[in-house]
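Accompanying notes for the structure given below.
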Amino acid sequence: MPLPLEGIRVLELGEMVGAAFAARWFADLGADVIKVEPAEGDRARSRGPFSGGMAHPERGGLFFYLAAGKRSVVLDLDDPVDRATLDDWLGKCHVLLHNLEPARAEALGLDAASLGGRHPHLVATSVTAFGTSGPYRDWRSEELNRTNAGGWCWLSPGALEDPTLPPLKTFGHQADFHGALAAATASFAGLFRSLRTGQGEAIDVSIQEAVAAILEIGLIGYTYMDVIATRHGIRGLNPWGIFECSDGPIFLSVIEQDQWERLVEFMGNPDWASIEIFEDFVARARNADALATFVQEWIGTWKVDDLFHQGQKRRICFAPVLDMRGIGEISHLRERGFFSEIEQPGAGRVRLPGPATRWRDDACRLRGPAPALGADGEAIRAELGRATPLAAPAPAAAKRPLEGVRIADFTWVWAGPFGAMQLAHLGAEVIKFESPTRTDIGRRLAVFPDNEPGINRSGYFNQWNQGKKSVELDLSHPDTPELVKRIVSECDVVIENFATGVMDRLGIGWEDLRAVNPKLVFASISGYGSDGPFADYMGYGPAMGPLSGLSQATGYPGGPPRETGISVGDPVAGMSAAAAICAALVDRERNGIGQYIDISLWESTTALAIEAWLPFAISGQEPVRMGNRDPLMSPHGMFSCAGEDRWVSIACANEAEWRALCEIIDPALASDPRFASAAERKRNEPALEETIGGWTASRDRWEITRMLQDASIPAFPSLDPRDLAEDPHLAARGYLEELEHPEVGRRKHSGIPWQLRDGPNGVRFPAPCLGQHTEEVLGDLLHLGRAEISALRERGILG
């Protein structure tokens, strides 16, 4: 059987994570990914950690991961001959992925307009900090600036007890990874349309927008209730947090009342648990500190592994806060074959996390080691020299990439709805099936405007279900499976995120539905995956930071492990599901087969914790919590500004940026021997940060940002939800959506983190009211009349 993307040719340009991780998705599925590098190689080659402990461009661990299964060729894009070679190759490739700064792309003729004129067949995706338009488009940035620009740092780590601590960056290049996931998703969808119509597309992905799209209730808390979420204070749901067992940390989150009751029973029904101050969610939130003290006393008598498994047997969301050794040894990941060993030339065998999604027949996997710099140049030049240019498309009206695709959406809460919403953004008809007796938790979460509850009024649901239709269907009715099968026979995709095994028990699992639709793409999202020893465990998104190693690596210097500020596992798994579905549609278009895709929140999040894993995999070292600092760059941190809790992020990636910063702050710093090089600045980082902090303390965060950006120094304020809602750049790009909703009116929601050159942009319609489209869908899809639909209602199948 051919690989899903066998025969697809992808060109990758740029450095570090944004384009490279998106291209890795293509490589894992069998595409020929050609990485074009400058003579000095991708910056990721010098990032480390290094096999053997010495810096070397062929021994950098991050590059091993990002470039696995690709080929490398060296081109000098400032040379007209090499630029002409690149342009010739683009005519013979299906996809271009790059993260060149907008001005650089325009100078090279790789901007959307230029490519559309020369290569109308090409799907060309750019992944940049702020997108290719808007007032910030040419601003300089590093990962720290981008995660602050999107609002993530402001919320991290959550429930912070010390008001003087700054916003906290989650370990690694998490903003860039999320931008890359969005790029992979949109690129697969663009390729799908290209294979159907011959039409290419230019896709403009903004990392700021990709981050702003995953803030849970951050933005909608402000636009629905005028509440500015912050990293300070207590959580609304308790008990929740990282507690200490006798042998290490463990995470606990209690979301619903029945879980609290099970926890109380598990603790032996202690007298304190029946005190009035702990009787319900509101009371437990008001008295969270006292509650945490009691719970900690009990947890402290347990060992981590025992409490994890005993708690999970009782359907309580405990999760160990794993370090890298624990991740490498835990039985569930081993038995699911999550890790792969590759033979990396010059470094020996390296154990790496596998892809974020599992496909039937091992169709998605690591394909081989990372290439040596330019190692494939001769072969690539010969192959592309012989290749025939791809045909130009016939003129046609531009459509969204997935227009004409129909999705049956059996998801709820966040991970599944988030993934299905991306497919709606891309033009698919997404039909959400909802229970009349057990409504989506998202509809019940108290994010209500004017504090007026209502099944259609929660900002949580309305944010994550934009662009969908709603059908009210009782899945527990014995006659429902037959109706679902009739519906699914007219669909292209099923996406679900119920607990493992629920769809099978309802009679509408993968085997049931593929029998009526052999070409069906079926994506199943769950906390731990569909098999393995922990498959039935409760796996909420907040537990994935602890399970993935992100919490163990994230924290202030010298402090304990921290949470990540958002329920990171949910959007990671959701976007991974969307990317995999779009890729599977490409496979079906080319090879005529359906696909079962297994998405684990744990595995998809762990795949993004690679920078924590690599030091352990290469040299046995656990990552060190360094707050907002960087292993190589200095200065690199958060600095307090004028005003209450106002911060700016500043990063210098090279000596030119450092010297420019000295000119602004104090020219004498450039000759201070403590700061003479990046290594010296790292050694004297506290003194350096004190100096910079003294300069920023009396200045406005935006004044600092503009001053530094004018000197080409990466800087950006830490944006809170109100800042995002009022941000002129996001407004100029049309990112924030304000569609009229029948019950809540016009409210700002986060929108789509990419823009299309040719296809329509923007969310098509607001989230649906419960059952709003029941008659429409059953009438259009199954040609049922009103009498037949009424009969189904009378039988209790429909709500």
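Here are the numbers:
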{"quantity": "Residue within region 107-128 that is farther than 25 Å from Arg193 by Cα, open to solvent by 10 Å² or more (accessible area, probe 1.4 Å) and part of a helix (DSSP H, G or I) present", "calculated": "yes"}
{"quantity": "Cβ pairs under 8 Å, 6+ apart, first in region 270-284 and in a loop (DSSP other than H, G, I, E, B), second of a type outside the set (Phe, Trp, Tyr) and loosely packed, with under 15 Cβ neighbours inside 10 Å", "calculated": "Asp280/Gln257"}
{"quantity": "Residues within region 762-778 that are open to solvent by 80 Å² or more (accessible area, probe 1.4 Å) and either modelled with pLDDT under 95 or not charged (D, E, K, R) (or both), tallied", "calculated": "1"}
{"quantity": "Tally of residues being assigned to a loop (DSSP other than H, G, I, E, B), open to solvent by less than 20 Å² (accessible area, probe 1.4 Å) and hydrophobic (A, V, I, L, M, F, W, C) across region 352-386", "calculated": "5"}
{"quantity": "Any hit, region 40-54, residues being in contact with an Asp or Glu (Cβ under 8 Å, 6 or more places away or on another chain), part of a loop (DSSP other than H, G, I, E, B) and of a type outside the set (D, E, K, R)", "calculated": "no"}
{"quantity": "Pairs with Cβ under 9 Å, 6+ apart, first in region 14-26 and at negative phi and assigned to a loop (DSSP other than H, G, I, E, B), second open to solvent by less than 10 Å² (accessible area, probe 1.4 Å) and of a type in the set (Ser, Thr, Tyr)", "calculated": "none"}
{"quantity": "Residue count, region 743-777 (criterion: under 16 Å from Ala212 (Cα atoms), among the small types (Gly, Ala, Ser) and in contact with a Phe, Trp or Tyr (Cβ under 8 Å, 6 or more places away or on another chain))", "calculated": "2"}
{"quantity": "Residue in region 471-505 that is farthest from the chain's Cα centre (by Cα), counting only those that are touching a residue at least 24 places away in the same chain (Cβ under 8 Å) and over 30 Å from Glu403 (Cβ atoms)", "calculated": "Asp479"}
{"quantity": "Whichever residue in region 607-655 is of a type in the set (Phe, Trp, Tyr) and over 27 Å from Leu366 (Cβ atoms) and, among such residues, is most open to solvent (accessible area, probe 1.4 Å)", "calculated": "Trp647"}
{"quantity": "Any hit, region 511-531, residues being touching a helix residue (DSSP H, G or I) at 6+ places or on another chain (Cβ under 6 Å), over 24 Å from Ala583 (Cβ atoms) and open to solvent by 10 Å² or more (accessible area, probe 1.4 Å)", "calculated": "no"}
{"quantity": "Residue that is without any contact (Cβ under 8 Å) to a residue 24 or more places away in the chain and at positive phi, where the choices are Gly643, Gly620, Gly694, Gly627", "calculated": "Gly620"}
{"quantity": "Among the residues listed as Ala732, Ala711, the single one being small (Gly, Ala, Ser) and open to solvent by 50 Å² or more (accessible area, probe 1.4 Å)", "calculated": "Ala732"}
{"quantity": "Hits in region 605-634 - residues which are small (Gly, Ala, Ser), in contact with a Leu (Cβ under 9 Å, 6 or more places away or on another chain) and in a helix (DSSP H, G or I)", "calculated": "Ala612, Ala617"}
{"quantity": "Selected residue (criterion: surrounded by the fewest Cβ atoms within 10 Å (Cβ to Cβ)) from residues of region 439-464 that are of a type in the set (Gly, Ala, Ser) and in contact with a helix residue (DSSP H, G or I) (Cβ under 7 Å, 6 or more places away or on another chain)", "calculated": "Gly442"}
{"quantity": "Qualifying residues in region 341-371 (those that are touching a Ser or Thr at 6+ places or on another chain (Cβ under 7 Å) and among the aliphatic types (A, V, I, L, M)) - the one farthest from Gln199 (Cα to Cα)", "calculated": "Ala347"}
{"quantity": "Verdict on Glu106 being under 29 Å from Trp613 (Cα atoms) and acidic (Asp, Glu)", "calculated": "no"}
{"quantity": "Set Ile566, Ile593, Ile581: member being of a type in the set (A, V, I, L, M) and in contact with a strand residue (DSSP E or B) (Cβ under 8 Å, 6 or more places away or on another chain)", "calculated": "Ile581"}
{"quantity": "Per-region count, region 296-319, residues outside any helix (DSSP H, G or I), under 28 Å from the mean Cα position of the chain (by Cα) and over 17 Å from Glu261 (Cα atoms)", "calculated": "1"}
{"quantity": "Single unsatisfied condition, Val81 versus (1) touching a residue at least 12 places away in the same chain (Cβ under 8 Å); (2) surrounded by fewer than 24 Cβ atoms within 10 Å (Cβ to Cβ); (3) closer than 26 Å to Leu110 by Cα; (4) more than 23 Å from the chain's Cα centre (by Cα)", "calculated": "(1)"}
{"quantity": "Residues of region 230-245 satisfying the condition of being surrounded by fewer than 24 Cβ atoms within 10 Å (Cβ to Cβ) and of a type outside the set (Lys, Arg)", "calculated": "Thr230, His232, Gly233, Ile234, Gly236, Leu237, Pro239, Gly241, Ile242, Phe243, Glu244, Cys245"}
{"quantity": "Count - residues of region 465-486 that are within 29 Å of Gly751 (Cβ to Cβ) and either part of a helix (DSSP H, G or I) or out of contact with any helix residue (DSSP H, G or I) (no Cβ under 7 Å at 6 or more places or on another chain) (or both)", "calculated": "1"}
{"quantity": "When residues of region 143-160 are limited to those that are touching a strand residue (DSSP E or B) at 6+ places or on another chain (Cβ under 8 Å) and farther than 17 Å from Leu608 by Cβ, the one surrounded by the fewest Cβ atoms within 10 Å (Cβ to Cβ)", "calculated": "Ala159"}
{"quantity": "Unique residue being buried (at least 22 other Cβ atoms within 10 Å of the Cβ) and more than 29 Å from Gly221 (Cα to Cα) when the list is Leu798, Leu792", "calculated": "Leu798"}
{"quantity": "Positions within region 485-498 being more than 20 Å from Ala580 (Cβ to Cβ) and surrounded by 16 or more Cβ atoms within 10 Å (Cβ to Cβ), in sequence order", "calculated": "Lys485, Ile487"}
{"quantity": "Members of region 84-95 that are crowded, with 16+ Cβ neighbours inside 10 Å and either farther than 15 Å from Glu37 by Cβ or β-branched (Val, Ile, Thr) (or both)", "calculated": "Thr85, Asp87, Leu90, Gly91, Lys92, Cys93, His94, Val95"}
{"quantity": "When residues of region 130-148 are limited to those that are polar (S, T, N, Q) and assigned to a helix (DSSP H, G or I), the one nearest to the chain's Cα centre (by Cα)", "calculated": "Thr147"}
{"quantity": "Unique match (being in contact with an Asp or Glu (Cβ under 8 Å, 6 or more places away or on another chain) and of a type outside the set (Lys, Arg)) among Glu403, Glu429, Glu434", "calculated": "Glu434"}
{"quantity": "So Ser551, is it under 14 Å from the mean Cα position of the chain (by Cα) and either of a type in the set (Val, Ile, Thr) or crowded, with 24+ Cβ neighbours inside 10 Å (or both)", "calculated": "no"}
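The values are calculated or read from the model by the stated rules, or taken from the named source; none is laboratory data. Predicted model, so just to flag it, every value in this text is computed and none were measured. All Cβ positions, even for glycine, are placed from backbone atoms using ideal geometry, and neighbour counts span all protein chains on display. When the accessible area is computed, the model is the full protein with side chains, heavy atoms only, and any ligands, DNA or RNA have been set aside. Shrake-Rupley method; radii C 1.70, N 1.55, O 1.52, S 1.80 Å.
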